[in-house]
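Since the structure comes first, as structure tokens, the remarks are kept for the end.
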Amino acid sequence: MNTTGKEVSLTGRCDLHTHSLSSDGMQPSSENVRIASEKGLAAVALTDHDTVAGVEEALIAGEKYGITVVPGVEISTRLEGKEIHVLGYYIDIRDREFLTRLETLRRTREERNIRILERLNDLELVVSMEDVVRVMGRPLEKDETIGRPHIADALVDKGYVSSMREAFDLYLAEGKPGFVSVPRVTPEDAFAWIRAAGGTPVIAHPGLYGNDDLIRKLIEHGHPAGIEVYHSDHGPEEEKRYLAMAEQYNLIVTGGSDFHGARQGVVFHGDLGSVTVEASVLSELYQARSVK
Ligand SMILES: [Zn+2]
Ligand SMILES: [Zn+2]
């Protein structure tokens, strides 16, 4: 398919961070590709949480709309008590071992979701897994993941909160009473898994962790290939800081909107195509992957 080094000659802009229904986005992955093509992007990456279930559909849509689709993933990890997200690009989505590893992560995620619902129930916010799936509007398909935004949607549906923002601020965010911390892999593990699957590891949205020393330590010990300098939740200050960091450690500079679609009419993070990088970044990512 359209992902084998053809990017070398590609020009234009690309959004390297988007989510679909396969995790906590609101639309099928083919829709991400359609929107990207409508916005005139040269390429779009699909980076769902702990799953590559939507990649195949996105690749097919890429052929249809004549735009490059980069297979990707976003893995949730933990380092010194902080949840750190790791992006992986150009992974082989059929790599057995990688798929098994992602499956383990999804199982942990399911256990966490159950514990979150228990916590909420203790707070007399009665939400069941059935409620969550009902509000999603469709049954969960194979290898898809349920995330906190889905639980937030159910809290809104039940009238306990008025918005997803409120659900996170009052209950679901780190440090709030509905937050459940589960054992996660380390970012270094995620880098290794991505490399073993022939991909290129990148630290996602470093500005969201509020701990640049930790990020520096991670770069020095884990040697990721890139860092997401441009992100919807980064301002000019963060961009400047992480650009300098990328330069210092010779990292590939990536960026993307972190598009999830709209919930109750509100787009969180950013709209698809609102944060982009030059398509030349794709050849850097492609060349930095470990060839299996
Ligand atoms: Zn993330
Ligand atoms: Zn994301």
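The values are calculated or read from the model by the stated rules, or taken from the named source; none is laboratory data. Computed from a predicted model, the values in this text were never measured in an experiment. Every residue, glycine among them, receives a Cβ derived from its backbone with ideal geometry; neighbour counts consider all protein chains shown.
Residues that are out of contact with any helix residue (DSSP H, G or I) (no Cβ under 8 Å at 6 or more places or on another chain), among the charged types (D, E, K, R) and not in a helix (DSSP H, G or I) do not occur anywhere in region 241-257.
Checking each residue in region 242-292 for being more than 18 Å from His17 (Cα to Cα) and among the hydroxyl-bearing types (Ser, Thr, Tyr) picks out Tyr249, Ser290. Out of all the residues in region 106-135, which are hydrophobic (A, V, I, L, M, F, W, C) and touching a residue at least 24 places away in the same chain (Cβ under 8 Å)? Once the filter is applied, which keeps residues that are hydrophobic (A, V, I, L, M, F, W, C) and touching a residue at least 24 places away in the same chain (Cβ under 8 Å), region 106-135 yields Ile116, Leu117, Leu120, Leu123, Leu125, Val126, Val127. Against the numbered list (1) in a helix (DSSP H, G or I); (2) touching a helix residue (DSSP H, G or I) at 6+ places or on another chain (Cβ under 6 Å); (3) more than 21 Å from Gly25 (Cα to Cα), Arg195 comes up short only at (2).
Residue-by-condition table, conditions (1) more than 16 Å from ligand 2 (Cβ to nearest atom); (2) modelled with pLDDT under 95:
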position: Thr68; (1), (2): yes, no
position: Glu74; (1), (2): no, no
position: His85; (1), (2): no, no
position: Gly88; (1), (2): no, no
position: Phe98; (1), (2): yes, no
position: Leu102; (1), (2): no, no
position: Arg119; (1), (2): yes, no
position: Glu124; (1), (2): yes, no
position: Arg134; (1), (2): yes, yes
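In region 270-292, the residue that is surrounded by the fewest Cβ atoms within 10 Å (Cβ to Cβ) out of those that are farther than 18 Å from Pro28 by Cα and within 16 Å of ligand 2 (Cβ to nearest atom) is Ser274. Against the conditions (1) within 16 Å of ligand 2 (Cβ to nearest atom); (2) over 16 Å from Leu16 (Cα atoms), Tyr230 satisfies every one except (2). What are the residues in region 209-229 that are within 14 Å of ligand 1 (Cβ to nearest atom) and in contact (Cβ under 8 Å) with a residue 40 or more places away in the chain, if any? Those that are within 14 Å of ligand 1 (Cβ to nearest atom) and in contact (Cβ under 8 Å) with a residue 40 or more places away in the chain: Tyr209, Glu228. Checked against the criterion of being under 24 Å from Ala262 (Cβ atoms) and hydroxyl-bearing (Ser, Thr, Tyr), region 50-69 has at least one qualifying residue.
Conditions tested, residue by residue: (1) among the basic types (Lys, Arg); (2) closer than 16 Å to Glu118 by Cα.
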| site | (1), (2) |
| --- | --- |
| His150 | no, yes |
| Gly178 | no, yes |
| Val182 | no, yes |
| Val185 | no, no |
| Ala190 | no, no |
| Arg195 | yes, no |
| Gly198 | no, no |
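Scanning region 234-273 for residues that are within 18 Å of the chain's Cα centre (by Cα) and either more than 16 Å from ligand 1 (Cβ to nearest atom) or in contact (Cβ under 8 Å) with a residue 60 or more places away in the chain (or both) yields a count of 16.
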